Amino acid sequence: MKRFPAFITLILVILVAFWSLNSALPSYSPKSQESEVQFSIESALEHVKTIAEKPHAVGFKAHSEVREYIAGYLEELGLEVQFQEGYTAGDWGNLSKAINIMARIRGTGSGKALLLLSHYDSNPHSSLGASDAGSGVATILEGIRAYIAGGKTPKNDIIILITDAEELGLNGADLFVNEHPWSEEVGLVLNFEARGSGGPSYMLIETNGGNAALIDAFTEANPDYPVANSLAYSIYKMLPNDTDLTVFREDGDIDGFNFAFIDDHFDYHTFRDNYERLDRNSLAHQAAYLMPLLSHFSNASLDSLKSDTDKIYFNVPLFRLVSYPYSWGWFLVAGAWLFFLLLILRGIKLEVLDPGSILKGLLPMLLSVLINGVIGYFAWRLLSGLYPSYRDIQQGFPYNGHYYIIAFALLSIGIVLVLYHRFKKISVPNLLIAPLFLWLVICSLLTYYLPGAGFMIIPVFGCLVALLVIINQDNPNAFLLWFLGLPAIVIFVPFIKMFPVGLGLKMMIAVTLLSTLTLFLLLPLVGFYKNKRRLAILAFIATAILLITAHSKSSYSEERPNPTSLLYVKNKVEQSSYWATYEHVISEWTAQYIGQEKQNAADSGEVISSKYWRRFTYSAVAPEKTIPSPELEISLDTILGESRLIELCINPQRDVNRLDVFTNFTPFDQVVVNGISLSNNFLARRRGGKLVTHYISDNDPTEIQMQFPKDSIFELTLYEASNDLLQNDLFSIPPRNEATIPMPFVLNDAILTIDNWTFE
């Protein structure tokens, strides 16, 4: 291939890859509102700013302030606001008193209602909740304002539900779906969420049946920037899901759409989830979903969204959402195999292909997959070993994570280019047979085991057509080959970023292998480049620069604050007091209390319920302080046949936020906490002996009724915590500096007491 077309097509490949990543969401620019009936990002941001002013987890003072603000704004819009209050424990054994905010716009019809959903509580204890889920609440508030300003009267009722205690176990959604009569009238839910502070908002479907009717309805609504694919849908259905919408599907058989952005994952549930960090483009993307869907589903029939069939779907720039039935998957795979075999026969007949060269072409493919697979598999282990402080970012995505994604993608590409340069004497058609065979095997397996990934056959067809061209032409047009490679670029490049962003850098193997496989589909073009070794060297140089840049940003600073944790633990069972932390690398702030005298606490046995079930890492002896223990009152202890029934009440003797109740592994027949029965499913699978975690509001007591075999020896351990270590008059803990934040997902800045009782 001539040098100039090769250079131009290379630039075009890079530009398209960049475009595929950046065309997924709208671009926000500050401007004055042109019309009252349009969604105003500035107005939505004002809501976010107010909601995210302070941490507002359940039981915190700001929690009620945020609730009053949301309810007050809905009333300003002329809506009648209702509250639903009650205890619920969900299926996680996390008890809380949830207070949901509800309002309703009456429609002219008698069909099912459209429900707009988000949650107003932030994660305990330090998250400001700007993205999760202040952005979702703000999207709904501003969307409803614009809708009402348009003077529209919907056919369907529109229910606004801002749930409480989502962060604790989907408790508010559980309360609404299982106890409120409005839930029986809901036909479709639009749920707005976030798991980071930026990036495109992904659409995920929640349904117990097929997705075909939902996809058709979504396509008809025609949002401008859909980011969705049935691969994510298939994976999502296999995983334990945890959004409010899951409760609607599981308990109410109510379908819906989730919309959530997940980039900048390092901000998730932290103090950095603030107004300033929220990506304005991501907020604009949520609005780009809400407004057309609200307009469409407020008038469309919501009684016929159930379906027995599924559709394969994926988004493509310019074409928005492309979909077709699952049943087409096998026809496309079979057609691809037939096309492939015919091309081999054609190539052999024209003496362009020969079996010996095809077999030799197998080697660079196998080496590419093997080497890059090994690099990707061990990448995170290596990085977290070289930089142990990364382990303190429990999300698994450090602040410099994007540099690593690009670096390992380029490293993989460089390795493929080097290997194929070594086999440059083999013609491109012969080199292409093995990668195409691999891709057809992959697509066949995916169609059988993960049919939602069936769209991956589309770029393979582009490569097959390219093989047809290079078999029949000695000097094919470079721009035609580039065009035939476009499907591979626009479909797969976003996945190279999405997997590690969503699942953490432990998924770096997805980056290295998917980069490798994508380059295989571009071999019809790249294979003709005469300077593959130079391109590989450039890729390696770029990799080195990116790794050096990542290293320069590996230390903590004000822009990249260090997640830290500190607790004061008074263990009344062992008659000891100590400082404890979850940090793997002790920070300067924590070292004031857990310094040179620290002890390894990994085997201490304390496993306070948290997202990742982390244990204390280090501890150090602390001064004795007078911390009141909870008061335990037994109101009933009796034998009923073969069972023993105990009723007790645990009353806090200080202001607390949380009570974790653990037991030995006594088999329970029934457990009722504050009037709520814990599910048999939870009791059968409870981990670490946890019985219940009560996130306490207003210092409420915890009343427990337990029934278990009468011959069992029953042990009860209470972990009572207050998040006031830095404010408590008994201590003089200095505030964190700007380069330090509280660690998320674990009990933090807390005074913890441990008490134990045995019932024989």
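The values are calculated or read from the model by the stated rules, or taken from the named source; none is laboratory data. Nothing here was measured: the structure is a model prediction, and the numbers come from that model. Heads up, the Cβs are rebuilt from the backbone with ideal geometry, glycines too, and the neighbour counts pull from every protein chain shown.
Here are the numbers:
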| item | result |
| --- | --- |
| Breaking point among (1) of a type in the set (D, E, K, R); (2) without any contact (Cβ under 8 Å) to a residue 12 or more places away in the chain; (3) surrounded by 15 or more Cβ atoms within 10 Å (Cβ to Cβ), for ARG560 | (2) |
| Unmet requirement for VAL247, which otherwise passes all of (1) assigned to a loop (DSSP other than H, G, I, E, B); (2) surrounded by 24 or more Cβ atoms within 10 Å (Cβ to Cβ); (3) among the hydrophobic types (A, V, I, L, M, F, W, C) | (1) |
| Elements of type helices (runs of 4 or more DSSP H) contained in segment 323-439, each with 1 or more residues being buried (at least 22 other Cβ atoms within 10 Å of the Cβ) and not hydrophobic (A, V, I, L, M, F, W, C) | 328-349, 362-386, 401-422 |
| Test: ASN600 is within 24 Å of TYR719 (Cβ to Cβ), modelled with pLDDT under 95 and crowded, with 17+ Cβ neighbours inside 10 Å | no |
| Contacts under 7 angstrom Cβ, first residue in segment 344-365 being closer than 22 Å to ILE413 by Cα, partner crowded, with 17+ Cβ neighbours inside 10 Å and β-branched (Val, Ile, Thr), 6 or more apart | ILE358/ILE433; LYS360/ILE426; GLY361/ILE426; GLY361/ILE433 |
| Lone qualifier among ALA17, ALA52, ALA98 - being assigned by TED's automatic domain parsing to the domain that holds GLY485 and in contact with a helix residue (DSSP H, G or I) (Cβ under 6 Å, 6 or more places away or on another chain) | ALA17 |
| Listing of strands (runs of 3 or more DSSP E) fully contained in segment 657-703 that carry 1 or more residues being in contact with a helix residue (DSSP H, G or I) (Cβ under 9 Å, 6 or more places away or on another chain) | 670-673, 690-695 |
| Filter result (farther than 23 Å from PHE479 by Cα and either outside the structural domain of LEU484 (by TED's automatic domain parsing) or assigned to a helix (DSSP H, G or I) (or both)) within segment 448-463 | TYR448, TYR449, PRO451, GLY452, ALA453, GLY454, PHE455 |
| Subset of segment 151-186 that is under 19 Å from GLU250 (Cβ atoms) and of a type in the set (Gly, Ala, Ser) - its residue that is surrounded by the fewest Cβ atoms within 10 Å (Cβ to Cβ) | SER183 |
| Contacts under 7 angstrom Cβ, first residue in segment 140-166 being more than 21 Å from ALA287 (Cβ to Cβ), partner small (Gly, Ala, Ser) and part of a loop (DSSP other than H, G, I, E, B), 6 or more apart | LYS155/GLY107; LYS155/GLY109; LYS155/SER298; ASP157/GLY107 |
| Selection count, segment 472-499, where residues are over 16 Å from VAL227 (Cβ atoms), surrounded by 21 or more Cβ atoms within 10 Å (Cβ to Cβ) and modelled with pLDDT of 95 or more | 6 |
| Selection count where residues are surrounded by fewer than 14 Cβ atoms within 10 Å (Cβ to Cβ) and under 20 Å from SER643 (Cβ atoms), scope segment 682-727 | 5 |
| Residue that is in a loop (DSSP other than H, G, I, E, B) and either in contact (Cβ under 8 Å) with a residue 12 or more places away in the chain or within 32 Å of the chain's Cα centre (by Cα) (or both), where the choices are LEU726, LEU718 | LEU726 |
| Residues being closer than 30 Å to ASN737 by Cβ, assigned to a helix (DSSP H, G or I) and not small (Gly, Ala, Ser) - total across segment 509-557 | 5 |
| Set ILE713, ILE704, ILE733, ILE741: member being in contact (Cβ under 8 Å) with a residue 12 or more places away in the chain, closer than 30 Å to SER555 by Cα and more than 33 Å from the chain's Cα centre (by Cα) | ILE733 |
| In segment 548-597, residue modelled with the highest pLDDT [restricted to those that are farther than 26 Å from ILE405 by Cβ and among the basic types (Lys, Arg)] | LYS570 |
| Selection status of THR564, closer than 24 Å to GLU720 by Cβ and in contact with a helix residue (DSSP H, G or I) (Cβ under 7 Å, 6 or more places away or on another chain) | yes |
| Residues of segment 631-681 classified as among the acidic types (Asp, Glu), out of contact with any Cys (no Cβ under 8 Å at 6 or more places or on another chain) and loosely packed, with under 13 Cβ neighbours inside 10 Å, total | 3 |
| Qualifying residue in segment 563-573 (condition: without any contact (Cβ under 8 Å) to a residue 40 or more places away in the chain and more than 28 Å from the chain's Cα centre (by Cα)) | no |
| Only listed residue being under 21 Å from TYR390 (Cα atoms) and in the same structural domain as ILE433 (by TED's automatic domain parsing), chosen from PHE483, PHE495, PHE499 | PHE499 |
